[in-house]
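Student: Before anything else, here's the structure in question.
Here, each number is a calculation from the coordinates, and none is a lab measurement. Remember, it's a predicted structure, so these values are computed and weren't measured experimentally. For neighbour counting, all protein chains shown are included, and Cβ atoms are generated from backbone atoms with ideal geometry for every residue, glycine included.
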Amino acid sequence: MKIVETALPGVMRIEPRVFGDARGMFIETWQANRYQKADIPGPFVQSNFAQSQHGVVRGLHYQLKHPQGKLIWVTRGQIFDVVVDLRVGSPTFGQWIGEVLSEDNHWQLYTPPGFAHGYGVLSEIADVHYLCTDFYEPNDEYGIRWDDETLHIAWSISDPTVSEKDQALPSLSDVSKTNLPLFEVSL
């Protein structure tokens, strides 16, 4: 596998090895020792699957008391996957990266705790899988608007479908710093 560092420290694109022949293909989507050597920690404690139609935008979500690291990939279709650094005090606070993940490129994106995550569906339908380093806690659910004007995220979706819950999320500038994760310097 190939690990590609993004502009946000700790957020990594993983390009796994694809083994294919006339019968089909095989991809190793997680192997604890190999990923740990690449600074993608586990353990992962929850596995999620979402299927969405073209133009759906989900996010930008995060948890504060139970922050989740996420390993995301697509098995059908194509998404524009977005990660925003929300860690107060981080040199990249408020910055975002986006990667196209698809069934064709087989890429994965690792999002560490402390970042907001969301995606928009570029294909007719998309099947998205992700592993999480902590459990989903409904009482610890936070988010920022997908169309926050200060972030200028280029979603490439002209008429998005967004849930009422996600439409009601605040912009980053309206979120109290007590509801954002802190940047921790490792020594």
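Student: Using a Gaussian network model on the chain with a 10 Å cutoff between Cα atoms, which of 133, 111, 150 fluctuates the most?
Tutor: 150
Student: Just the C-alpha atoms of the chain: what Rg/Rh do they give, with Rh taken as the Kirkwood radius?
Tutor: 0.95
Student: In whole Å, largest first, what are the principal axis extents of the Cα atoms in the range 1-101?
Tutor: Sorted from largest, the Cα extents of the range 1-101 read 51, 36, 26 Å.
Student: Another question, then. Report the gain in length on full extension from residue 25 to residue 165: 0.36 nm times residue separation, minus Cα-Cα distance, nm rounded to one decimal.
Tutor: Answer, rounded to one decimal: 46.6 nm.
Student: For Cα pairs less than 8 Å apart in space and 6+ apart in sequence, what is the mean separation divided by the residue count of the chain, i.e. the relative contact order in percent?
Tutor: For the chain, the relative contact order is 29 percent.
Student: While we're looking at this one, here's another question. With each pseudo-label sitting 7 Å past Cα toward Cβ, what's the residue 174-residue 158 distance in nm, one decimal?
Tutor: The answer from the label model is 2.8 nm.
Student: Find how much the distance from residue 18 to residue 66 grows on full extension, using 0.36 nm per residue of separation minus their present alpha carbon separation; answer in nm with one decimal.
Tutor: Values: separation 48, 0.36 × 48 = 17.28 nm, distance 3.33 nm.
Here the segment from residue 18 to residue 66 would lengthen by 13.9 nm.
Student: Under the Karplus relation 6.51 cos²θ - 1.76 cosθ + 1.60, θ = phi - 60°, what is the ordered set of whole-Hz ³J(HN,Hα) values for the range 66-73, x standing for Gly and Pro?
Tutor: Values per residue, Gly and Pro as x: 10, x, 10, x, 9, 10, 10, 7 Hz.
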